[in-house]
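> The structure under discussion is supplied below as structure tokens; questions concerning it will follow.
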Amino acid sequence: MTYPFKHSLKILSLASLITLVGCGSMGKIAPGTPLQSVVSQYGQPSVECQNPNGTKRVVWTQEPAGEEAWAANVDASGGVSEFTQVLTADQFTVLNQGSWTAERVNCQFGPPARITTYPNNPNQFVWQYHYIGGGSSQFMLLSININKASNRVAGYATGMDPELNPLIAGP
């Protein structure tokens, strides 16, 4: 059986990777660069939120079709810190530290590619993020379970993206 939507997602994702060449250069923005200069070059961030220490955090993301999100903190004078690509397995380990709300997840990684629920676990939302990872740069998926009642992270898992990974999705 053919799933034209699945193939469209692959093409869209490939187009996003090509587009990311420009976004990838965010990692080369010098710390201290005024936020306004970054905004004039890359547009408004997908997320702006306050860190506990009073500084601002900004995130530019390619979700739902892309696999990268870049984040930096903004100091009191309006300068950005070093940009970090936050959709990586190394970055996901922060979810093991302390208690996480949905708002904190959004501030850390940006908005998810999709939010879903599953019939076998109706008390949780699942936030899903696409990213590139694995030993041979596979399309991967981060799934973060968020308890509906408490709005807190109940757990997370990573694995191959069943929609975008050709090893799973097929031709």
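The values are calculated or read from the model by the stated rules, or taken from the named source; none is laboratory data. Computed from a prediction, not measured in an experiment: that's the story for all the values here. All Cβ positions, glycine included, derive from the backbone under ideal geometry; neighbour counts span all protein chains shown. Side chains are part of the model used for accessible areas, which takes the heavy atoms of the whole protein and leaves out ligands, DNA and RNA. Shrake-Rupley method; radii C 1.70, N 1.55, O 1.52, S 1.80 Å.
> How many residues are within 24 Å of ASN51 (Cα to Cα), of a type in the set (A, V, I, L, M, F, W, C) and without any contact (Cβ under 8 Å) to a residue 40 or more places away in the chain when one looks only at the stretch 127-148?
The number of residues fulfilling the criteria is 1.
Yes/no matrix, rows are residues, columns are (1) touching an Asp or Glu at 6+ places or on another chain (Cβ under 7 Å); (2) without any contact (Cβ under 8 Å) to a residue 12 or more places away in the chain:
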residue	(1), (2)
VAL38	no, no
GLN41	no, yes
ASN53	no, yes
SER77	no, yes
ASP90	no, yes
PRO112	yes, no
THR117	no, yes
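> Working only within the stretch 46-59, note down all residues that are open to solvent by less than 20 Å² (accessible area, probe 1.4 Å) and out of contact with any Ser or Thr (no Cβ under 6 Å at 6 or more places or on another chain).
VAL47, VAL58
> I'm trying to understand the selection: among the residues of the stretch 68-110, which are of a type in the set (A, V, I, L, M) and surrounded by fewer than 17 Cβ atoms within 10 Å (Cβ to Cβ)?
ALA76, ALA89, VAL94 - these are the residues of the stretch 68-110 that are of a type in the set (A, V, I, L, M) and surrounded by fewer than 17 Cβ atoms within 10 Å (Cβ to Cβ).
> What is the one condition in (1) touching a Lys or Arg at 6+ places or on another chain (Cβ under 7 Å); (2) loosely packed, with under 13 Cβ neighbours inside 10 Å that LYS28 does not satisfy?
Checking LYS28 against (1) touching a Lys or Arg at 6+ places or on another chain (Cβ under 7 Å); (2) loosely packed, with under 13 Cβ neighbours inside 10 Å, the one that fails is (1).
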